[in-house]
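Written out below as structure tokens is the structure these notes cover.
The values are calculated or read from the model by the stated rules, or taken from the named source; none is laboratory data. It should be emphasised that the depicted structure is a prediction, and the values quoted were computed from it without experimental measurement. Here the Cβ positions follow ideal geometry from the backbone for every residue, glycine too, while neighbour counts run over all protein chains shown. We work out accessible area using only protein heavy atoms, side chains counted, and drop any ligands, DNA or RNA first. Shrake-Rupley method; radii C 1.70, N 1.55, O 1.52, S 1.80 Å.
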Amino acid sequence: MRIGIACFPTYGGSGIIATELAHLLSEKHELHLVSYDTPVRLEDKVNFSFHKVELLSYPLFERVPCCYSLALISKLSEVIKNHNLDIVHAHYAVPNATSAYLAKKICNDSVKVVTTLHGTDSYLVGSHPSYKEVTQFSMQNSDALTTVSEYLKERTITEFNLTKKIRVIPNFVDPQKFKRLNKDGNERIVCHSSNFRPIKRIPDIIKAFKEILQEVECKLFLIGDGPEKPKAQKIARNLGISDNIKFFGNVKNVQQIIGKCDLFLLPSDDESFGLAALEAMSCEVPIIATNVGGLKELISHGVDGYLIEVGNVKMLAQHAIKILKNPVLQREFGRNAKRKVLEKYIPDRILPQYEDLYDATLREN
Ligand code: GMT
């Protein structure tokens, strides 16, 4: 097959999944990746072409972000025509699915569009009144539509009144890359990784960590960057625990840090799947997360981690202390997590689901 993938290049699950999918698909298919910058997880040597969407800088466009959607339509049309693509796979509805649909029209319907919804493109950005109409249209008029969890499927159908069939294809992780690593010392490490947006509830992590520190000597590793970082640093200073917290900023090879951690926290307000948690599980790290969205499908309470109510900092701290004080429990949760990853979330299980979908979509009229 000849496949084009459109995605965001930034730190965020949708771009990561799209890039990893491109690496895997390119082993068997002709692959073209399209974005406005080099995706963060793009490997140095790849077996496919990367097509950069160039933007025209023009004073009139200063406050009109539509120019990216248009440039993406043009670039996708060019790639579809020049490489005779069979499939364009848009990751994230806004604007990628819309641009893919219009590129298909420019190319006289010579290609099929598959859209994967990752979460915020459906329930946050896409459902904003400024984008809802066009997002709904682009979802309904994709040739195939997938979500990363049952939760996101149900929520999308309800919020967008969709009649389109949706297939659930979960996130995946490379279990050889994300694995347990030997620590440099005996230090206990609690970890979190995200793009530091309010939805991730970073202040809950810092406040819980203050309580954890009263019982267990440990460090908090915070990986990533985003709008909540200055606030997080200020809370840590005010609580007098800055010396125990390390802010890493954006890191390309997160597995080298997560693989040495003892516990991973993801107390988000909402999470369509929770790729960061999956990556930690593959490193045999127990998870404490909120019982929301796709996290409920990923984590089994009392088996590979704990699920808490959103905002329950006390419970977050209590469960963390329980795990950190009990290395046997920690190892058991970690092993259970890895077992689940190997059973359900490795490329060998997920890749065929995308390939089957492409095949079925090409067979349809
Ligand atoms: O939440 C993020 O940090 C980024 C966001 C994105 O759109 O890139 O991630 C979403 O997609 C991931 C990959 O499918 C999911 O694992 C995340 O759960 C989802 N984030 C949210 O729903 C908040």
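When only C-alpha pairs under 8 Å and at least 6 residues apart count, what is the relative contact order of the chain, in percent? Intermediate results must be reported in sequence, preceding the final value.
Details: 704 pairs, mean separation 51.1, N = 365.
It rounds to 14 percent for the chain.
So between residue 36 and residue 360, what do we pick up on full extension, going 0.36 nm a residue minus the alpha carbon distance? Before the final figure, lay out the partial values.
Details: separation 324, 0.36 × 324 = 116.64 nm, distance 2.97 nm.
Stretched fully, the residue 36-residue 360 segment lengthens by 113.7 nm.
Would you kindly find the accessible area of residue 248, with a 1.4 Å probe and non-protein molecules such as ligands, DNA and RNA excluded, rounding to the nearest 10 Å²?
60 Å²
For a quick check, take a GNM of the chain with Cα springs below 10 Å and name the residue from 237, 331, 349 with the largest mean-square fluctuation.
237
What's the FRET efficiency of residue 322 with residue 108 using the Cβ-Cβ distance as r and R₀ = 45 Å, to the nearest 0.05? Don't jump to the answer; show the numbers that get you there.
Details: r = 61 Å, r/R0 = 1.35.
Efficiency, rounded to the nearest 0.05: 0.15.
In segment 188-344, what percent of the accessible surface is made up of carbon and sulfur (1.4 Å probe, ligands and nucleic acids excluded)? Write out the running numbers ahead of the final one.
Details: 2840 of 6050 Å².
Carbon and sulfur together cover 47 percent of it.
What's the percent breakdown of Cα-Cα distances in the chain across 10 Å bins, shortest bin first?
Per 10 Å bin, starting at 0, the Cα pair percentages come out as 5, 24, 32, 23, 12, 3, 0.
Give the percent of DSSP beta bridges with both residues in segment 188-344 that are antiparallel, rounded to the nearest 5.
Roughly 5 percent of the beta bridges in segment 188-344 run antiparallel, per DSSP.
Please report, as a whole percent, how much of the solvent-accessible surface of segment 54-149 comes from carbon and sulfur atoms (probe radius 1.4 Å). Walk me through the numbers on the way to the answer.
Working: 2430 of 4350 Å².
Result for segment 54-149: 56 percent of the exposed heavy-atom area is carbon or sulfur.
How much accessible surface area, in Å² rounded to 10, belongs to the heavy atoms of residue 215 with a 1.4 Å probe?
100 Å²
Mind listing the Cα extents of segment 188-344 along all three principal axes, in Å, largest one first?
Largest to smallest, the principal-axis extents are 42, 30, 30 Å.
Using only the Cα atoms of segment 106-245, build the gyration tensor, take square roots of its eigenvalues as a ≥ b ≥ c, and label the shape rounded, prolate or oblate: rounded if a/c is under 1.5, else prolate if a/b is larger than b/c, else oblate.
Numbers: a/c = 3.17, a/b = 2.07, b/c = 1.53.
The shape class here is prolate.
If I build a Gaussian network model for the chain, linking alpha-carbon pairs within less than 10 angstrom, which residue out of 239, 117, 72 has the largest mean-square fluctuation?
Looking only at 239, 117, 72, the largest GNM fluctuation is found for 239.
Return a whole-number percent for the relative contact order of segment 188-344, with Cα pairs under 8 Å and 6 or more residues apart as the contact set. Spell out each step's value before the answer.
Values: 286 pairs, mean separation 38.4, N = 157.
Once normalised by length, the contact order is 24 percent.
Pop the C-beta distance of residue 234 and residue 329 into the FRET formula with R0 = 51 Å and round what comes out to the nearest 0.05. Mind dumping the intermediate values first?
Working: r = 34 Å, r/R0 = 0.66.
Efficiency computed from Cβ-Cβ geometry: 0.90.
According to a simple spin-label model (label point 7 Å from Cα along Cα-to-Cβ), what is the distance in nm between residue 159 and residue 62?
3.3 nm
Excluding ligands and nucleic acids, what accessible area in Å² is computed for residue 151 using a 1.4 Å probe, to the nearest 10?
Number for this one is 50 Å².
Can you tell me, using C-alpha contacts under 8 Å and at least 6 residues apart, the relative contact order of segment 145-201 as a whole percent?
Values: 29 pairs, mean separation 17.6, N = 57.
Relative CO of segment 145-201 lands at 31 percent.
Between 262, 184, 109, which gets the highest mean-square fluctuation from a Gaussian network model of the chain, Cα cutoff 10 Å?
Among 262, 184, 109, the largest mean-square fluctuation in the Gaussian network model of the chain belongs to 184.
What accessible area per residue comes out for the chain, rounded to a whole number of Å², with a 1.4 Å probe?
Details: 16080 Å² over 365 residues.
Using a 1.4 Å probe on heavy atoms only, each residue of the chain averages 44 Å².
Taking the Cα atoms only, what angle lies between the long axis of helix 229-238 and the longest principal axis of the chain, rounded to 10 degrees?
10 degrees
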